[in-house]
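Chemist: This is the structure I have questions about; it appears just below.
Rule-based calculations on the coordinates, nothing more; no lab input. Every value quoted in this text rests on a predicted model; they were computed, and no experiment measured them. Because the Cβ atoms are built from the backbone with ideal geometry, glycine has one as well, and the counts that use them run over all protein chains shown.
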Amino acid sequence: QGQLVESGGGAVQAGGSLRLSCVASGRTVTSYNMAWFRQAPGKERESVAVIRWRTAANPWYAGSVNGRFTISKDNAKNTLYLQMNSLKPEDTAVYYCAAGGGIGFPPTEYAYWGQGTQVTVSS
């Protein structure tokens, strides 16, 4: 339990869309709060979206992505998703999925991490 593997990153033009996936081992997505983080070069890792383990209702989003990104999960497939629309150059970063923390928790409070997937948005 706790192994996370992301996919779906790539290079797109501004205004485009990407969907990231994170396949988890075991019952991770039904046992832990799940989140997407991102880290741009020279910047700290920041939380992008968080979804609770018990219910997918009322996920949390960072203000910079609210209204453009959607976090969701498929418990049957043990998979976490991040649909990213209207992408901007400032969204360029390595995106990570994580498990174990919660809304407002710093990265250090998350127990499990994926390897990251690069998202590059050109203007």
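Chemist: Please state the charge dipole magnitude for the chain, taken about the Cα centre, from unit charges on C-beta atoms (+1 on K and R, -1 on D and E), reported in debye and rounded to the nearest 20.
Modeler: On the way: 11 positive and 7 negative charges, 56 e Å.
Dipole size: approximately 260 debye.
Chemist: Would you mind telling me which residue in Pro89, Pro106, Pro41 has the biggest mean-square fluctuation in a Gaussian network model of the chain, where springs connect alpha carbons within a distance under 10 angstrom?
Modeler: The residue that fluctuates most here is Pro41.
Chemist: Moving on to the next point. I need the phi-derived Karplus couplings for the stretch 88-93: 6.51 cos²θ - 1.76 cosθ + 1.60, θ = phi - 60°, integer Hz, Gly and Pro marked x.
Modeler: 10, x, 6, 7, 4, 4
Chemist: Now for a different question. Calculated FRET efficiency, Arg68 and Ile103, Cβ-Cβ r, R0 25 Å, to nearest 0.05?
Modeler: Result of the calculation: an efficiency of 0.85.
Chemist: Tally Lys and Arg at +1 and Asp and Glu at -1 over the other residues with C-beta under 15 Å from the C-beta of Ala56: what net charge comes out? Before the final figure, lay out the partial values.
Modeler: Numbers: positive: Arg52, Arg54, Lys73, Lys77; negative: Asp74.
It works out to a net charge of +3.
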